[in-house]
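K.L.:
Next up is a structure, given as structure tokens.
The values are calculated or read from the model by the stated rules, or taken from the named source; none is laboratory data. If you're wondering where the values come from, they're calculated on a predicted model, not measured in any experiment. Here the Cβ is made from the backbone with ideal geometry for all residues, glycine too, and neighbour counts use every protein chain on show. With ligands, DNA and RNA removed, areas are computed over all heavy atoms of the protein, side chains included. Shrake-Rupley method; radii C 1.70, N 1.55, O 1.52, S 1.80 Å.
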Amino acid sequence: MIWNPPAADEHTEQALAAYIANEIEPAVEDSQATATAYRHELAEAVAAFIRRQHPAFAASSPDGALSRNEGLPAEYLLLLIGRALWSVGEEQAARRLLEIKGHALNLPATFIEAVLAPDISMLHWHILLSTRAVRTSSLMRSLNGTLWVLDLERMVLPASTSLELLALNVVRTVIDRVAVLWDHCQGRGLLGLRHANTVAAGMLGCPRHSAKSMALAADIRDLCTRRLQTLKTDRGWDETPQVIMLDL
């Protein structure tokens, strides 16, 4: 077991474990003599972790029925299960699971590398995915590589009560957390900033297209560029992701 299961409703716990065991079945080699037993043991461990971290999800259905559309985002639940496989040394099984199930969820290959990276926690993934603060774009397969969207309005409250320095620190922290997204492609790709002008205008209490708000939005863009340049050196990327503004 990976985690010690807390006290929980047995019926719901078993239903969640059965759901997870079914999810990971395609990723476990049939040739393994202990495949079934191992799969159920791992599923119980993941279920215990989910109950401890997300009790509302685990108890969302009194009859034990579970749905991808309830509770946790489907992407996060898949990443969570993949991370559990990886954590017990089953990296190939984790990759197979994420490739098979990720295709249906339209997850890019970089998600696979991110979930197996030791320097990003699943809690951060949950926050970023559930708030949609970081997401892929329909234009992600551009000539310049993968495009990831950073939605500033979902990270920083666009109100005059927000402190500029605090807002910039939040943006810097998020970039550090998601830097792993560019490890797989050695820094090749783009970071698109959405709602930068809206957030800047709300913080400054001025019109969205005023000189002041546009100047602050430019400062946020420059901050992202400088931080990614630093991360290129720290993480050994060949290139630096290009920062672009997505709002006109």
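K.L.:
Heavy atoms of the protein only, probe of 1.4 Å, neighbouring chains included. What is the accessible area of residue 40 in Å², nearest 10?
P.N.:
Only protein atoms counted, so the area is about 90 Å².
K.L.:
Give me the extension gain from residue 210 to residue 92: residue separation times 0.36 nm, minus the current Cα-Cα distance, reported in nm with one decimal.
P.N.:
37.3 nm
K.L.:
Tell me the Kirkwood radius of region 175-224: reciprocal of the mean inverse pair distance over distinct alpha-carbon atoms, in Å.
P.N.:
12.1 Å
K.L.:
Further, regarding this structure: Taking R0 as 25 Å, what FRET efficiency do you get between residue 188 and residue 222 from their Cβ-Cβ distance, rounded to the nearest 0.05?
P.N.:
0.75
K.L.:
In whole Hz, what ³J(HN,Hα) sequence does region 86-98 give by Karplus (6.51, -1.76, 1.60; θ = phi - 60°), x for Gly and Pro?
P.N.:
Listing the rounded values in order: 4, 5, 9, x, 9, 5, 5, 5, 4, 5, 4, 4, 5 Hz.
K.L.:
Work out the FRET efficiency for residue 119 and residue 165 from their Cβ-Cβ distance, taking R0 = 30 Å, and round it to the nearest 0.05.
P.N.:
About 0.75, to the nearest 0.05.
K.L.:
Relative contact order for region 179-248: what is it in percent, counting Cα pairs under 8 Å that are at least 6 residues apart?
P.N.:
47 percent
K.L.:
Could you tell me what percent of the accessible area of region 191-248 is made up of carbon and sulfur, with a 1.4 Å probe and every protein chain present?
P.N.:
50 percent
K.L.:
Right, something else. For residue 243, which sequence-distant residues (separation of 5 or more, or a different chain) have an amide H within less than 5 Å of its own amide H, given hydrogens modelled in the peptide plane?
P.N.:
191
K.L.:
Each label point is 7 Å from the Cα along the Cα-to-Cβ direction; what then is the distance between the points at residue 100 and residue 154, in nm?
P.N.:
2.9 nm
K.L.:
Given the Cα-Cα distance of residue 176 and residue 230 and 0.36 nm per residue of separation, how much length would full extension add, in nm?
P.N.:
Stretched fully, the residue 176-residue 230 segment lengthens by 18.4 nm.
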